[in-house]
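**Student:** Please read through the structure below; I'll follow up with questions.
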Amino acid sequence: MNILCCLKHKISLTAVVLTAAFSLSAEISFENPDINSSNQVVFTVEHSLPGSPSYRTAFLADASKSSGSKILTCFPEKMEVLSNNAILQIRNRYGTARYAISDGTLAWIQRSESVPAESIRLGTQAVSPDGKWMCYVRKTGVATGELILKNASTFTETLLDEHADFSFESVPVLWAPDSSTVIYEKNGEIYFCDPKAAFQQVQMTEEFRKIGTGKIHAVCWANNKALVYVDHDVVYRVNANELYTRGMYAPMVGSGTVIGRLPVAFDPLTDRLYVDSAADRMVVLQGTKFVSSYRLTTKGFAYLIPEYSKPFTDVRGSVVDFRLFWAEDSSCILWVDIIGNSDGALRTTVYRLGENLTQLSVIDNPGKPVLSPDGKTIAFSSGDTMYAYDVAQWKNLGRLPIEKIVSYVWRGNSTLYVGSVSAVREWRYSSKEEARIRFLSAANLVCWKNDNTILAQDAVHLSALYDYDAVHNVWQKSPQTSEGYTIRPKVQNGRYRVFVGSTANQRYKNTLYIRNLTGEVENKALFPATAVKTAAPKRVVLAFDATDSADGLTHILSVLKEYDVPATFFINGEFIRRYPAESKQVAASGYECASMFFTNVDLTGKGFVVDDDFIRRGLARNEDEFFAATGKELSLFWHAPFYRVTAQMRKAANASGYRYVDCGKWSLDTQTFEQALRKKEDYLTASEIISYYASNARDMTIIPVITGISKGSRSDYLYEKLDLLISALWDAGYEIVPIRLFI
């Protein structure tokens, strides 16, 4: 049988069986086992879990053993280059592998012995420029963890902060360009650390390594010799060789040399600081709304004079994030991610920042930009193509069209490792040579070519076949192709039979069984945990309340798009009137939009006569205003402002075809400092709210998230940590579903 025909037959047969037997929530599937005469089994495991890439991992196992399986492909969910460009580190849900670039050997240094069912999203590791050290936050709670400094070669670790905030996007550290020092934040203070001294245990105590008060975004390395630090509105220059001296005598000599003052106080929670390598130009990004550029030519406490200082607006959409890159001539590139108002799509606009903003490019479906070590080249993906651009000239230096790109990392200044859904390639962007496949990310199918050789079919290019190199744990291109090649998979060898069967474990679509054909006949799961009976997952709904502020809306839409989860937006008439473009943006993004009445008032309060006609007219007016702003209809779900409702209001709305959604007791992120103080209630941070939801939600719980608060203040907002909320719910075994499934 032709290999393609065989594959299609197996897939179609499996689909029929799975559709009948399993719930939609199970997303892990064992596929296409093949056994040889030595009892060795090859097969693939497909992960299609929300919040992370979907792919098929190839395995090799022994039918006579219940442990000791070998992973044959290595999916590049995250990649880092270590040890002075000698090692490529690859991380995914199964663990961590390292590829030795010199001899082309791939080895797992840490991996799960089972098939993980959790929808794991990996955190970031901040690697030093020389690749000898790394910092990361090891999660100990849903939104907190331990900030760790690790030796990349010896794997020894030291603790920098026991109670650090966890983020999927960044680590609260900043490496010096020469890797000699790392800056980190802890409890609202900024410290420095010498990694060599830390591991040799000759580091000064932390109290003498303090730079000042603030967050990591208030500090920026200009070069190996100097960094710039902002405290409130005062700008300091700190020489690297004076760090210890100033740390010891900070109360007397201060945090550094004052080189000016900002006209507006720097907010370390939302603002970011960028300084060029000559330390004579500085850019401050205030949230996602204001861009200011300054020359650092003043002395003392004189105010810095801005070269450019304007709010950033784009009629095409809302800003998700800013990034800034310096060119050699101290000009800079501003990278702006935007969600479109008309279509809800993510795209990037690139500008040159001088006395004015000059648009250079518009990039659809962009990946995150990565700067080369020498700062001269930016690499980024767009769709299925990898690009390298000169920073100074914004000139295209090379492009690599392949398949869907997952991750990429620089090795030196002219070479990139590009990980796609098919393979990890080494790409020299200035060379005309074809990018070299170093190893496979995934496989569409694996089988025994003969009793000793394993064959893999490319995950995307189905005609391409690869032979397994057991010595180096990688794959070499086979001279054969799948066209016309005959495969005869074996499911038994006289001692064992292998087959895919149903399982009572709700986290898996199926599992792989080994049937012993000699002696006492028995069937056992190759991975026992995959056959353990589990309860069906509890279901929750994410409901976003758009009341009278859109501060968090762009971030919310960005996270929902990245995680691909359903959500419902309850939109108040006040929001529609204030933010018609943002209302259209929500509707264009494809999420269900429901009603929160036409005005933002407590309908149960005194001074109102709320009869049936008032409710019906209020709902109808909200429908009309939403349609006028978006051209679309609201769905027939609603809840009253502040979730304060009477039986009469429910009955009146029901007569108009509306169904009421009640989740007021879960609405915890609307509490402000002022309310907590006035009512003498405990104030809950965003992290504490996430912990509460993950621990206390039940099946069919609706979890509300406010899009912003126009009155009062909070230390942080739940929408800022939406990715952590989604991850915590998944880790706790919840399934996030559309509201229509159980209302």
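The values are calculated or read from the model by the stated rules, or taken from the named source; none is laboratory data. Computed from a predicted model, the values in this text were never measured in an experiment. Note: ideal-geometry Cβ built from the backbone for every residue, glycine included; neighbour counts use all protein chains shown. For the accessible areas, the whole protein counts, side chains as well, though only heavy atoms, and no ligand, DNA or RNA atoms are used. Shrake-Rupley method; radii C 1.70, N 1.55, O 1.52, S 1.80 Å.
**Student:** Just need the Rg to Rh number for segment 101-246, please, alpha carbons only, Kirkwood Rh.
**Tutor:** Expressed as Rg/Rh, it is 1.01.
**Student:** Measure of size requested: the Rg and Dmax of segment 667-743, with Cα atoms as the atom set and Å as the unit; please supply both.
**Tutor:** Final numbers for Rg and Dmax: 13.4, 39 Å.
**Student:** Based on a Kirkwood Rh over C-alpha pairs, give the Stokes-Einstein translational diffusion coefficient of segment 295-359 at 4 °C and viscosity 1.567 mPa s in µm²/s. Please report the intermediate quantities before stating the final value.
**Tutor:** Working: Rh = 13.6 Å.
Stokes-Einstein gives a translational diffusion coefficient of 95 µm²/s.
**Student:** Principal axis extents for segment 474-526, Cα atoms only, whole Å, descending order, please.
**Tutor:** 42, 32, 23
**Student:** Still on this structure: Please list the equivalent ellipsoid semi-axes of segment 325-434, computed as the square roots of five times the alpha-carbon gyration tensor eigenvalues, in descending order and whole angstrom.
**Tutor:** 23, 19, 10
**Student:** Looking at the square roots a ≥ b ≥ c of the eigenvalues of the Cα gyration tensor of segment 410-566, which shape do they give, rounded for a/c under 1.5, prolate if a/b is larger than b/c, or oblate? Display every interim value, and only then the final one.
**Tutor:** Working: a/c = 3.05, a/b = 1.15, b/c = 2.66.
Since a/c reaches 1.5 but b/c is at least a/b, the shape of segment 410-566 is classed as oblate.
**Student:** Take the alpha-carbon positions of segment 522-596, form their convex hull, and give its projected area averaged over all directions (one quarter of the hull surface) in nm².
**Tutor:** 7.3 nm²
**Student:** Taking amide H positions as placed 1.01 Å from N in the peptide plane, with prolines and chain starts having none, which residues 5 or more places from Leu324, or on another chain, fall under 5 Å of its amide H?
**Tutor:** Sorted by chain and number, the residues that satisfy this are Trp335.
**Student:** I would also like to ask the following. If one computes the Cα centroid of segment 639-718 and of segment 282-305, what distance in Å separates the two points?
**Tutor:** Here the answer is 39 Å between Cα centres.
**Student:** Segment 408-477: Rg/Rh from Cα coordinates, Kirkwood Rh?
**Tutor:** 1.04
**Student:** If packing is taken as the mean number of other Cβ atoms within 10 Å per residue, what is the order of 691-701, 92-102, 67-77, highest first? The partial results should precede the final answer.
**Tutor:** Numbers: 691-701: 15.4, 92-102: 19.5, 67-77: 21.3.
With the highest mean Cβ count within 10 Å placed first, the list reads 67-77, 92-102, 691-701.
**Student:** Looking at segment 130-219, which chymotrypsin sites (Phe, Trp or Tyr not before Pro) are DSSP coil and have at most 13 other C-beta atoms within 10 Å of their C-beta? The partial results should precede the final answer.
**Tutor:** Details: sites: Trp133, Tyr136, Phe155, Phe166, Phe168, Trp175, Tyr184, Tyr191, Phe192, Phe199, Phe208; in loops: Phe155, Phe166, Phe168.
Those satisfying the criteria are Phe155.
**Student:** A further question follows. Kindly state, to the nearest 0.05, the FRET efficiency for Ser83 paired with Asp682, given R0 = 51 Å and r defined as their beta-carbon distance. Provide the component values of the computation, followed by the final result.
**Tutor:** Values: r = 48 Å, r/R0 = 0.95.
That pair, Ser83 with Asp682, gives E of 0.60.
**Student:** Around Leu560, under 12 Å between beta carbons, what's the net of Lys plus Arg minus Asp minus Glu among the other residues?
**Tutor:** Residues near Leu560 contribute -3 overall.
**Student:** When the helix-only estimate is applied to the chain (DSSP H runs of n ≥ 4, each -39,500 (n - 2.57), divided by the residue count), what is the mean residue ellipticity at 222 nm, nearest 500 deg cm²/dmol? Mind dumping the intermediate values first?
**Tutor:** Working: 12 runs with 116 residues, N = 743.
Helix-only estimate at 222 nm: -4500 deg cm²/dmol.
**Student:** Of all alpha-carbon pairs in the chain, indicate the percentage at a distance above 37 angstrom.
**Tutor:** The answer is 49 percent, as a whole percent.
**Student:** Now for a different question. For segment 564-719, treating each Cα as an identical point scatterer without solvent, what Debye log10 I(q)/I(0) comes out at q = 0.11 1/Å?
**Tutor:** So the normalised log intensities work out to -0.47.
**Student:** For segment 196-341, take the convex hull of the Cα atoms, compute a quarter of its surface area, and give me that in nm², please. Kindly include the intermediate steps, with their values, before the conclusion.
**Tutor:** Details: hull surface 40.6 nm².
Averaging across all directions leaves 10.2 nm² for the Cα convex hull.
**Student:** For a quick check of your reading of the filter: which chymotrypsin sites (Phe, Trp or Tyr not before Pro) in segment 630-666 sit in a DSSP loop and have no more than 12 other Cβ atoms within 10 Å?
**Tutor:** Loop-located and lightly packed - none at all.
**Student:** Still on this structure: Which loop GluC sites (Glu not before Pro) in segment 456-529, with loop taken from DSSP, have no more than 16 other Cβ atoms within 10 angstrom of their Cβ?
**Tutor:** Glu483, Glu520
**Student:** Mind jotting down the three principal axis lengths of segment 124-179 based on Cα atoms? Whole angstrom, largest first.
**Tutor:** 32, 21, 14
**Student:** While we're here: Find the percent of Cα-Cα distances in segment 162-281 that exceed 19 Å, and round it to a whole number.
**Tutor:** 44 percent
**Student:** Further, regarding this structure: Taking 0.36 nm per intervening residue step and subtracting the Cα-Cα distance, what contour gain separates Asn452 from Arg577 on full extension?
**Tutor:** Contour length minus Cα-Cα distance gives 38.0 nm.
**Student:** Once the piece of chain linking Ala655 and Glu118 is laid out straight, how much longer is it, given 0.36 nm per residue of separation minus the C-alpha distance between them? Before the final figure, lay out the partial values.
**Tutor:** Details: separation 537, 0.36 × 537 = 193.32 nm, distance 4.32 nm.
Here the segment from Ala655 to Glu118 would lengthen by 189.0 nm.
**Student:** Over segment 542-644, give the accessible area per residue in Å² for a 1.4 Å probe, as an integer.
**Tutor:** Heavy-atom SASA per residue in segment 542-644 reads 39 Å².
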